[in-house]
Every structure is written in structure tokens, then in C-alpha cells.
1. With the requirement that a residue be in a strand (DSSP E or B) and buried (at least 16 other Cβ atoms within 10 Å of the Cβ), what does segment 22-51 give you?
2. Looking at the structure I just gave you, is T67 within 18 Å of T11 (Cβ to Cβ), over 12 Å from the mean Cα position of the chain (by Cα) and β-branched (V, I, T)?
3. Based on what the data block shows, is N8 assigned to a strand (DSSP E or B) and either surrounded by 11 or more Cβ atoms within 10 Å (Cβ to Cβ) or in contact with a Cys (Cβ under 7 Å, 6 or more places away or on another chain) (or both)?
4. Limited to segment 54-72, what total is found for residues that are surrounded by 13 or more Cβ atoms within 10 Å (Cβ to Cβ) and in contact with a Ser or Thr (Cβ under 8 Å, 6 or more places away or on another chain)?
Amino acid sequence: MAKTLQLNFNTANGKNVTLTVDEPRADLTAPAVEAAMQAIIASGVFEVDDYPLETAKSARIVERDVTDIIKA
């Protein structure tokens, strides 16, 4: 089963932004994820339309089951 961690932010102009991390660690906690999101915001690395990430909105782990029928 494939897992992804979705980190949802708001930018300074109110747009929603989602950063996705493949195969997150199994031992993640809400405080650890929130601290990481605050570090991402503080770094100023990500911008959308020249507006930086401003607030951490939410985070979730998404699991999906993929079955290949034909594999190249």
C-alpha cells in the first residue's frame, strides 16, 4: 500500500498549497509534523505567485492500494 504525507498550507495571499511527501516515516506525531511545517514556513523556500507560505493549515497521511495489471 502506497502512503503519502500531505502538508497543507496557506500563502500570504490566501491560496492553498499542498506539499506531498512519498513514504513518510511510520512514527510521525502531530507535534513533529507541525514543527516541520513551521520550519518549512520559516525557511521561506516555497512561494506561489511570489507569495510565501504563511500558515500551516493541516496535514494528513493518505494510503492507497495500487494493483498493476500490465507492467512495462
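Values quoted throughout were computed directly from the atomic coordinates according to the rules given, and no laboratory measurement underlies them. Because the structure is a prediction, the values reported are computed rather than measured. With ideal geometry, Cβ positions are generated from the backbone for all residues, glycine too; neighbour counts draw on all protein chains shown.
1. none
2. no
3. Yes, satisfied.
4. Number of matching residues: 2.
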